[in-house]
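Contents: one structure, followed by commentary.
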Amino acid sequence: MKQFSAFLLKEFRHMGRDWRTLLILVVMPVVMVLLFGYAITTEVTQTRTAVLDPTHDYLTRRITDRIAANPFFELTATCASAEEVDALFREGRIDLAVVFAPELASAKAADASAVVQLLIDGSEPNQAAVRQGYAMQVIQEELLTASVASGEPVTDVSAQIPLINVSTRMLYNPQGKSAYNFVPAVIGMILLLLCTLMSSISIVREKENGTMEVLLASPLSPAVIIAAKLVPYFVVGMVNLLSILCLAHFVMGVPVEGSLVAFLALSVLYIGVALALGLLISTLVSTQLAAMLLSMLMIVPTMYLSGLVFQLDAMPLPAQAVSTIIPARWFMDGARRLMIQGVEVRHLFTNFMVLGAELLVLFGLSVLLFKKRLE
Amino acid sequence: MPMPFIVTCDTLAKSYRRGKVQALRGVSFEVAEGEMFGLIGPDGAGKTTAFRILATLLLPDSGSVAVDGLDVVRQYAEVRRRIGYMPGRFSLYADLTVEENLAFFAATFGTTIAENRHLIEDIYTQIEPFRERRAGKLSGGMKQKLALCCALIHAPRLLLLDEPTTGVDPVSRKEFWEMLAKLRVEYGISVIASTPYMDEAAQCDRIALMQDGAFLTTDTPRGIIGSYKQRLFRVRSGRMHALLADLNEWEGTQTAFSFGEAYHVTLAPGKDEADLRAYLVSKGHADCDVSEAKPEIEDCFMALAQTSEENEPR
């Protein structure tokens, strides 16, 4: 026990002496969460909108008012000509323009092809698609109310705007807030990155500096060496977890719908898996560079196969099969469901089981491979 | 009953890369309790391999080693408690201070600095003024003194020092050996140390001259020098570079190698000092200075190394 505490003290000293690295370890996760939560956002807000309305009749004014009243749209300009609309797009001052045809008022009589035209800045396709859908919905609803009010069926306003109103409602995350989705994913990434990379490097550094030779020739047992090496990074992992969680919950408003205890338990298990992975890597290589490369090699498939970047259901079957052994997948899935869906813990049985099994296998394997000698 | 030998090593062999590199070829030796035993040889002679096997860090291919009566393979855990090992390269934590390093290594052996302070007193007082300094910022000699303190702090029965004076200035080297001698006398700690410097060999009770994984001879330094039977000449001239080439060319030269600022030369049977002089003058070394020299360990090593190469050509 005295050996262990002395070793632990030494590890924390190493960490403290290398305060730049420690600072990165503690601050990087916060920066990443802020970046993902605010800067790198996929949600659509504040669509700057221009209206070109040559007729100014009752219907077009109602549609314009409706758009202006919607918090999703910000009516920034009312244009007089198509050239003006074009200029605004080029200057990057609007994202969307609603162009009414002069014949809209007499739509019922006309052949009505493209009486309401939506011009959308398509340079960001995902946002453009969301904007298109929402704008169409607003306009259709208004046309529908108008036709009901007037008692005349609006048969065909535009070929591009079908009258059947497909209403979609997103569950659990009605506003489509990306922070909800990203926070569990970022926690999963960061914990893996830090715990695996840092623990493997910290053990391999002893080999590279030759101090492992002295440690092995001393009566220290491998258990003490391993435990003292992993505990500090477990602490760093927990600090990161809690700082991200507080930031996400109190600053960004990400809910924790389910059991917080279950979420923490899942996280502790996941940190354990990440540390065991780092330990395994450290038994396989003898230079810090190799440890870093191997850790990175673990992290790339995690990015792709955990559902963080690409949807898992859309992947080919072999990739889906591989993804089932990616610890991050089970953590991120479990964390999302606990935080956002608020499911009961019993629904996460598989997640806990898979992570638990991986912890045992990785840890057992590393302990078997840990060398008591130099060869 | 005390063990007569702290180390018994029997036909120890070790190879690397599946037998391609023979690091040790059946080495046997004994080290008596309280003895200072030196492994002397050039780089690649197998000294570090021998230390690592003694320190339970490598498994021998064949042969057996006992440290304090304990087998280094089967009873490695107990052996580790009784040895103090100082590897060839600096193996302390550069980012920890002198005191933190020492306290850590004391704790790994379940002891404290205070408990065994008397053992390291002489050495530690020299580095104590720098105890707040990071180990990485110490000079070469200071680093080695700290490393010795770290290896000594748990009062080992046997010290294993792999080239402890490599990269250390001559004054510190001398001090270092004096400290080792004192440890042995005052506390009865046995020491096995290696060095590539032949002049340090005289500090040991007994030395083994090592080359290519084998012992050329094992004896006291005096015994080894006493067994040197040839006449040895010290040769100098104004053109030292050409001189060595000319010496190596001559059929009358048996060995010629640089020794300090001169060459040590032995002659083939039937040649004598007059022949050597005549030859050198004929080669234009009219100013040559030839005198008979007293053999030193290095001369013995060179002579033995050559005989061993002649016996088993590789």
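The values are calculated or read from the model by the stated rules, or taken from the named source; none is laboratory data. The shown structure was predicted, so the numbers you read here are calculated from the model rather than taken from an experiment. No Cβ is skipped: glycine too gets one built from the backbone with ideal geometry, and neighbour counts run over all protein chains shown. These accessible areas exclude ligands, DNA and RNA; they are computed on the full protein's heavy atoms, side chains included. Shrake-Rupley method; radii C 1.70, N 1.55, O 1.52, S 1.80 Å.
General observations
- Any hit, the stretch B:16-26, residues being aliphatic (A, V, I, L, M), open to solvent by less than 50 Å² (accessible area, probe 1.4 Å) and out of contact with any helix residue (DSSP H, G or I) (no Cβ under 7 Å at 6 or more places or on another chain): no
- Subset of the stretch B:156-193 (residues that are without any contact (Cβ under 8 Å) to a residue 60 or more places away in the chain, aliphatic (A, V, I, L, M) and within 25 Å of B:Ser139 (Cα to Cα)): B:Val168, B:Val171, B:Met179
- Hits in the stretch A:41-81 - residues which are exposed (fewer than 13 other Cβ atoms within 10 Å of the Cβ), assigned to a helix (DSSP H, G or I) and at pLDDT 85 or above: A:Asp65, A:Ala69
- All of A:Ala357, A:Ala328 fail the test of being open to solvent by less than 60 Å² (accessible area, probe 1.4 Å), in contact (Cβ under 8 Å) with a residue 12 or more places away in the chain and either touching a Lys or Arg at 6+ places or on another chain (Cβ under 9 Å) or not aromatic (Phe, Trp, Tyr) (or both), apart from A:Ala328.
Table: residues versus (1) free of Cβ contacts under 8 Å to residues at least 60 places away in the same chain; (2) of a type in the set (Phe, Trp, Tyr); (3) in contact with a His (Cβ under 6 Å, 6 or more places away or on another chain).
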| site | (1), (2), (3) |
| --- | --- |
| A:Leu260 | yes, no, no |
| A:Phe263 | no, yes, no |
| A:Ile271 | no, no, no |
| A:Pro301 | yes, no, no |
| A:Gln311 | yes, no, no |
| A:Ala335 | no, no, no |
| A:Phe349 | yes, yes, no |
| A:Ser366 | no, no, no |
| A:Leu374 | no, no, no |
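- Residue within the stretch B:110-119 that is more than 14 Å from every other protein chain (Cβ to nearest Cβ) and in contact with a Leu (Cβ under 6 Å, 6 or more places away or on another chain) present: yes
- Any chance A:Ser286 is open to solvent by 70 Å² or more (accessible area, probe 1.4 Å), more than 16 Å from A:Met198 (Cβ to Cβ), of a type in the set (Gly, Ala, Ser) and in contact (Cβ under 8 Å) with a residue 60 or more places away in the chain: yes
- Condition check for A:Ala248: under 18 Å from the mean Cα position of the chain (by Cα), open to solvent by less than 20 Å² (accessible area, probe 1.4 Å), assigned by TED's automatic domain parsing to the domain that holds A:Tyr233 and in contact (Cβ under 8 Å) with a residue 12 or more places away in the chain: yes
- Consider the stretch B:43-56 and keep the residues that are open to solvent by 30 Å² or more (accessible area, probe 1.4 Å) and assigned to a helix (DSSP H, G or I). The one that is nearest to A:Pro222 (Cα to Cα) is B:Arg52.
- Residue match in the stretch A:83-100 (condition: outside the structural domain of A:Val251 (by TED's automatic domain parsing), at pLDDT 85 or above, open to solvent by less than 20 Å² (accessible area, probe 1.4 Å) and among the small types (Gly, Ala, Ser)): yes
- All told, B:Leu59 falls short of being within 12 Å of another protein chain (Cβ to nearest Cβ), in a loop (DSSP other than H, G, I, E, B) and closer than 26 Å to A:Arg20 by Cβ.
- Unmet criterion (only one of (1) over 20 Å from the mean Cα position of the chain (by Cα); (2) at pLDDT below 90) for B:Leu243: (2)
- Condition check for B:Leu119: under 20 Å from the mean Cα position of the chain (by Cα) and open to solvent by less than 50 Å² (accessible area, probe 1.4 Å): no
- Yes/no for B:Glu78 being within 12 Å of chain A (Cβ to nearest Cβ), acidic (Asp, Glu) and surrounded by 15 or more Cβ atoms within 10 Å (Cβ to Cβ): yes
- Output for the stretch B:81-109, where each listed residue is more than 7 Å from every other protein chain (Cβ to nearest Cβ) and out of contact with any helix residue (DSSP H, G or I) (no Cβ under 9 Å at 6 or more places or on another chain): B:Arg82
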